[in-house]
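K.L.:
One structure follows; several queries about it will come next.
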Amino acid sequence: MHLDISEVAQRSGVPASTLRFYDEKGLIASTGRRGLKRLFDAGVLERLALIALGRTAGFSLDEIARMFSADGQPRIDRLMLTAKADELDRTIRNLSVMRDGLRHAAVCSAPSHMECPKFRRILRAAEAGAKAGQQKKERKAPRTKNLEI
C-alpha cells in the first residue's frame, strides 16, 4: 500500500515540510509520485516512529540516519544507545540538583539568596556547567578565522 505525503503527515503527525526534509536527507525514501505528491510505502510510518523516538532521546538526525542500513532496515548501535543513556543520566542528575536548589531557594530563610550557602553552591555549579557546555560546543564547532569588519 502506498500513501501520499498528506496521508503520511496525517497518520504520523509529522508535517509535510518535515517529511520532504527527511526525504531529501535520506532518512525516509519516497517510492514515486502521484501527480505532484510524493508517495511512500506504508512502512514509512514505523520508520518515522523510530526517528521520533531517536529525536526524543536526543539523537541528532545524522546519528539517527546512521541507525539505518542501506536497505532501510534498523541497524542500531548498542554502544551508541548506552552512551546516550549515560548522557541522559548525567542530564537527569544535573536537572534534579537544579530542581532541588530551586525548591530550596523558594523557601530559604536566609535574608537574601546570595547569603544562603546552598544557593551559592548552586550558583557555582551552574557556572561550572555553563563553562563545560561552552567548551563542549567549542570542541564541536568547526574552526574558523575571526574576521574583523
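K.L.:
Scan segment 54-105 for trypsin sites (Lys or Arg not before Pro) in coil per DSSP, keeping those whose Cβ has at most 16 other Cβ atoms within 10 Å, and list them by number.
P.N.:
Qualifying residues, ordered by number: 66, 75.
K.L.:
What distance in nm separates the two pseudo spin-label positions at residue 70 and residue 114, each 7 Å out from Cα along the beta-carbon direction?
P.N.:
A separation of 6.4 nm, rounded to one decimal place.
K.L.:
Sum up the charges of everything whose Cβ sits under 15 Å from the Cβ of residue 19, counting Lys and Arg as +1 and Asp and Glu as -1, but leave residue 19 out.
P.N.:
Value of the local net charge: +3.
K.L.:
Further question on the same structure: Short version: ³J(HN,Hα) in whole Hz for each residue of segment 42-50, in order, from phi by Karplus 6.51 cos²θ - 1.76 cosθ + 1.60 (θ = phi - 60°), x for Gly and Pro, what are they?
P.N.:
In residue order, the calculated couplings are 4, x, 5, 5, 5, 5, 5, 5, 5 Hz.
K.L.:
Taking a cut-off of 19 Å between Cα atoms, list the aspartates and glutamates near residue 25, but don't count ones fewer than 8 places away on the same chain.
P.N.:
4, 41, 46, 62, 63, 71
K.L.:
Please state the Cα pair-distance histogram of segment 78-140 with 5 angstrom bins from zero: what percent is in each bin?
P.N.:
4, 16, 18, 20, 16, 11, 8, 5, 2, 1, 0
K.L.:
Kirkwood-based Rg over Rh for the chain (C-alpha set), two decimals? Present the calculation step by step, with values, prior to reporting the outcome.
P.N.:
On the way: Rg = 22.5 Å, Rh = 19.4 Å.
Taking Rg over the Kirkwood Rh, I get 1.16.
Throughout, read-outs are computed from the coordinates displayed, never taken from laboratory work. These numbers were taken from a predicted model, which means no experiment stands behind them. Don't worry about glycine lacking a Cβ; one is built from the backbone with ideal geometry, like all the others, and counts go over all protein chains shown.
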